[in-house]
Each structure stands twice: as C-alpha cells, then as structure tokens.
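The values are calculated or read from the model by the stated rules, or taken from the named source; none is laboratory data. Keep in mind the model is a prediction, meaning the values are calculated, not measured. Virtual Cβ from ideal backbone geometry, glycine too; neighbours counted across all protein chains shown.
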C-alpha cells in the first residue's frame with residue numbers, strides 16, 4: 001500500500017482515538033483506508049507498554065487468517081496469535097489485546113462467544129460497516145463501541161481508493177415471468193399482512209409457541225394453529241420469491257453479454273446470492289472462468305484432484321495469476337479479500353444490506369495506479385430486487401451511481 005502523508009496521519013488519529021477510549025472500541029473504515037495498518041500501529045503501541053502480553057487477532061475466514069499471518073511476518077511482530085472465530089470460540093485463551101477483523105461477523109449468538117472465550121484487557125474492532133439492526137449488533141456496541149468512522153466518500157475524495165462508477169442495469173421480466181412473480185408476491189403479501197409485514201413478528205410466531213399464542217389472542221378469529229400455518233406460508237412464499245430472483249436465467253444471460261462486450265483483457269469478479277447461480281454463470285462462460293463458493297464439488301485441475309479448502313485456494317491462485325479472468329462467487333468473497341487488479345465487478349443478486357453492498361464494492365476499488373473501477377448491478381425491474389438495490393446503495397456516494405437501460409452505456 002502506497003503511503004501518503006494525509007492517510008498516514010488519519011490512521012494515526014484512529015490509533016490515538018482508540019487508546020483515548022481506554023483501549024476498548026471499534027472504528028468503521030471503507031475498503032482502501034488501510035484498516036490492517038491501523039491494527040499494526042495499535043499493536044506496536046501496545047507492545048511498548050506491555051512487551052510480554054500476547055495479542056490475538058480474530059478473523060472470519062481461512063483466507064484472512066493467511067493474510068494476517070503473512071502481515072505479522074512482514075512487520076516482524078511476534079507474540080501475535082491469528083486464528084478464525086470458529087476456532088477461537090472453542091479454544092479459550094488470554095490476550096492483552098484482542099483485535100476483531102471484520103467485526104460485523106461476530107454479533108451472532110455463536111460467534112459473539114469470542115468475548116467470553118478470549119480473556120482480554122483491550123479490544124479493537126474494525127469493519128467497513130455494521131448492519132442496520134442495532135438490536136442484533138448490541139453486543140458489539142456494548143463491548144467495543146464505535147469511536148471513529150472513515151466513509152467511502154472520505155476515501156474517494158482523498159484518493160485512497162481508485163475512482164469508480166457503479167452502473168445499475170435493469171432487466172424487464174417477460175410476460176409469463178411477470179405473472180408468476182406477481183402471484184408469488186400476492187401470496188406473500190396476503191400472509192404477511194397478518195404479521196404487519198414484519199419479518200421479526202413472523203419468525204417469532206413461527207418458532208415460539210408461547211409468543212404465537214399471545215399474538216393470536218390479539219387477532220379476532222385467529223388461533224395459534226392457524227397462525228403457524230400463515231407463518232409457514234409466508235416464509236415459503238418469501239423463499240420461493242428469493243429463489244426466483246436470485247437464480248433468474250435472464251440475469252445470467254445479460255451478465256455473459258456484458259462480460260463478452262466489455263470484459264476483454266480485464267480481471268472480473270461476479271457476486272450472487274447462491275452457489276447455483278455461480279455454477280450457471282461458470283457453465284455459460286466456459287474455461288475462462290471458475291466458481292468460488294462454499295459448496296464446491298471436487299475438480300481435476302492439471303491432472304490433479306482438488307477438494308475442499310485446497311480447491312478454493314487453487315481457484316483463487318488461478319484467478320490472481322491470470323489463468324482465469326472471471327471469478328464467480330456467491331457470498332464467500334463479500335469481505336476481506338485484497339486483489340488490487342480487479343477491474344470490473346458484476347453484482348448479479350444481492351440483499352438489502354448496506355454492509356454487503358459496501359463490502360462488495362470494496363473488493364473492486366483497491367487503489368491501483370491509473371485504474372478506474374467499474375461495478376455493474378443487475379436487477380429485475382419492478383420487483384423486490386430493485387427495492388433491495390435502492391436500499392443497499394443508500395450510503396454510496398450518489399455521484400458514483402448511474403442507472404442505465406442498455407449495456408452499451410457502460411464505459412469500462
């Protein structure tokens with residue numbers, strides 16, 4: 001990462017801010033700011049005060065664990081233990097300083113166990129953004145409250161990320177698909193009306209008998225037995241609609257057209273919500289691409305059989321080294337991957353999560369001299385996927401977003 005004095009001073013400001021909190025807090029920073037360098041500076045300052053105390057770095061993936069271990073070697077930092085949250089919640093240990101990379105990953109009932117399994121004195125959390133659900137993230141706000149935020153706009157204005165443009169490209173449903181979509185949505189709305197269109201209420205009634213009984217008493221003519229049927233039907237309709245939107249073949253067709261039209265000589269990553277869509281896209285793109293997701297089946301590459309973690313590592317290496325130029329992912333690479341020479345990304349499906357959207361944009365905009373990054377979001381017009389798109393992009397700089405109606409409007 002190229003050191004620039006403005007960014008370096010901003011990073012030092014974050015470190016000072018952390019210790020000013022008493023050494024228990026977190027900061028939000030868009031990809032490209034250099035969160036890892038902030039953590040390294042915090043470790044170095046901690047070492048001066050506590051030379052014999054261990055440091056633990058918690059990460060959500062094996063890929064990030066490898067990256068952090070290499071960073072520790074590069075900076076000659078010893079006494080630093082790096083491991084995944086999956087391991088650390090099961091293996092109690094002591095840390096003078098606990099660093100939580102991609103901190104948003106640790107709000108779940110299982111992964112929030114990191115706060116119990118690691119006996120720490122100080123804790124530094126860092127991520128691009130938290131979710132909009134403050135109740136779900138309450139443990140993060142309690143254990144390491146936010147003390148600073150470096151927005152995507154701040155990074156863009158200061159040249160800490162590559163200039164980028166986001167194209168939102170809508171696709172019209174054909175008449176048959178429109179009828180099918182409207183039927184599913186109508187069914188979903190009919191049943192969800194009973195729950196005030198609240199997913200939280202619907203899931204509570206679905207999973208908690210006592211809650212269901214109380215809720216049913218507030219609706220004339222409703223019984224707990226009838227209510228659970230409504231909850232099941234609403235959930236089924238929702239899942240059916242998601243599957244329709246996430247795996248629509250027209251999205252794959254247009255993605256292939258865009259890659260063939262604008263992707264020559266470029267390194268491209270695609271994002272989707274399902275491994276099935278990844279495989280569909282890989283099949284249509286052929287040998288120039290491969291899939292990277294958690295449900296990979298064994299493959300033979302160069303006469304050698306790969307499976308599991310080794311297969312994912314090999315596929316990533318082939319992408320980095322240029323053996324393939326398109327990497328199709330589901331959600332496995334939404335966060336934490338540093339590949340500066342990605343030129344273009346296609347978001348073929350996504351949720352309404354601001355965090356997911358900012359993380360995915362971050363994969364594409366790492367600073368590289370002379371680079372202008374392009375992100376293309378594909379969506380089905382006048383459907384829930386368009387609503388999700390508008391909601392998840394609300395924290396992106398408005399100047400970077402353009403709605404288009406033809407792929408020839410894309411300027412790589």
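Here are the numbers for this structure:
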| quantity | calculated |
| --- | --- |
| Residues located in region 273-310, provided they are touching a strand residue (DSSP E or B) at 6+ places or on another chain (Cβ under 8 Å), in a helix (DSSP H, G or I) and at pLDDT below 90 | 288 |
| Residue within region 70-77 that is in contact (Cβ under 8 Å) with a residue 12 or more places away in the chain, outside any loop (DSSP other than H, G, I, E, B) and either assigned by TED's automatic domain parsing to the domain that holds residue 293 or out of contact with any strand residue (DSSP E or B) (no Cβ under 8 Å at 6 or more places or on another chain) (or both) present | yes |
| Selection status of residue 403, in contact with a strand residue (DSSP E or B) (Cβ under 9 Å, 6 or more places away or on another chain), farther than 25 Å from residue 35 by Cβ and surrounded by 22 or more Cβ atoms within 10 Å (Cβ to Cβ) | no |
| Members of region 146-173 found to be more than 30 Å from residue 380 (Cβ to Cβ) and either part of a strand (DSSP E or B) or at pLDDT 95 or above (or both), listed by number | 146, 147, 148, 149, 150 |
| Any hit, region 345-365, residues being more than 13 Å from the chain's Cα centre (by Cα), part of a strand (DSSP E or B) and buried (at least 23 other Cβ atoms within 10 Å of the Cβ) | yes |
| Cβ-Cβ under 6 Å pairs, at least 6 apart or on other chains, region 108-131 side farther than 26 Å from residue 152 by Cα, far side in a loop (DSSP other than H, G, I, E, B) | 113/89; 114/89; 117/89; 117/92; 122/23 |
| Output for region 86-97, where each listed residue is crowded, with 18+ Cβ neighbours inside 10 Å, touching a helix residue (DSSP H, G or I) at 6+ places or on another chain (Cβ under 8 Å) and closer than 21 Å to residue 46 by Cβ | 88, 96, 97 |
| Residue 313 vs. criteria under 20 Å from the mean Cα position of the chain (by Cα), at pLDDT 80 or above, surrounded by fewer than 19 Cβ atoms within 10 Å (Cβ to Cβ) and under 21 Å from residue 104 (Cα atoms) | no |
| Qualifying residue in region 105-126 (condition: within 22 Å of residue 30 (Cβ to Cβ), surrounded by fewer than 23 Cβ atoms within 10 Å (Cβ to Cβ) and either touching a helix residue (DSSP H, G or I) at 6+ places or on another chain (Cβ under 8 Å) or modelled with pLDDT of 95 or more (or both)) | yes |
| Residue, surrounded by the most Cβ atoms within 10 Å (Cβ to Cβ), within region 254-272, restricted to residues that are in a helix (DSSP H, G or I) and in contact (Cβ under 8 Å) with a residue 24 or more places away in the chain | 255 |
| Residue 267 vs. criteria out of contact with any strand residue (DSSP E or B) (no Cβ under 7 Å at 6 or more places or on another chain) and at pLDDT below 90 | no |
| Test: residue in region 159-167 that is surrounded by 15 or more Cβ atoms within 10 Å (Cβ to Cβ), over 30 Å from residue 14 (Cβ atoms) and either touching a residue at least 60 places away in the same chain (Cβ under 8 Å) or touching a helix residue (DSSP H, G or I) at 6+ places or on another chain (Cβ under 9 Å) (or both) | yes |
| Residue in region 27-38 that is out of contact with any helix residue (DSSP H, G or I) (no Cβ under 7 Å at 6 or more places or on another chain), over 25 Å from residue 313 (Cα atoms) and assigned by TED's automatic domain parsing to the domain that holds residue 115 present | yes |
| Any hit, region 215-228, residues being farther than 30 Å from residue 259 by Cβ, buried (at least 19 other Cβ atoms within 10 Å of the Cβ) and either out of contact with any helix residue (DSSP H, G or I) (no Cβ under 9 Å at 6 or more places or on another chain) or in contact (Cβ under 8 Å) with a residue 12 or more places away in the chain (or both) | yes |
| Residues being farther than 22 Å from residue 272 by Cβ, within 22 Å of the chain's Cα centre (by Cα) and in a loop (DSSP other than H, G, I, E, B) - total across region 375-412 | 1 |
| Flag for residue 142 being closer than 16 Å to residue 25 by Cβ and either assigned by TED's automatic domain parsing to the domain that holds residue 29 or assigned to a helix (DSSP H, G or I) (or both) | yes |
| Selection count where residues are closer than 25 Å to residue 22 by Cα and either outside any loop (DSSP other than H, G, I, E, B) or under 21 Å from the mean Cα position of the chain (by Cα) (or both), scope region 84-104 | 14 |
| Search result, residues across region 55-69 that are surrounded by fewer than 17 Cβ atoms within 10 Å (Cβ to Cβ) and modelled with pLDDT of 95 or more | 69 |
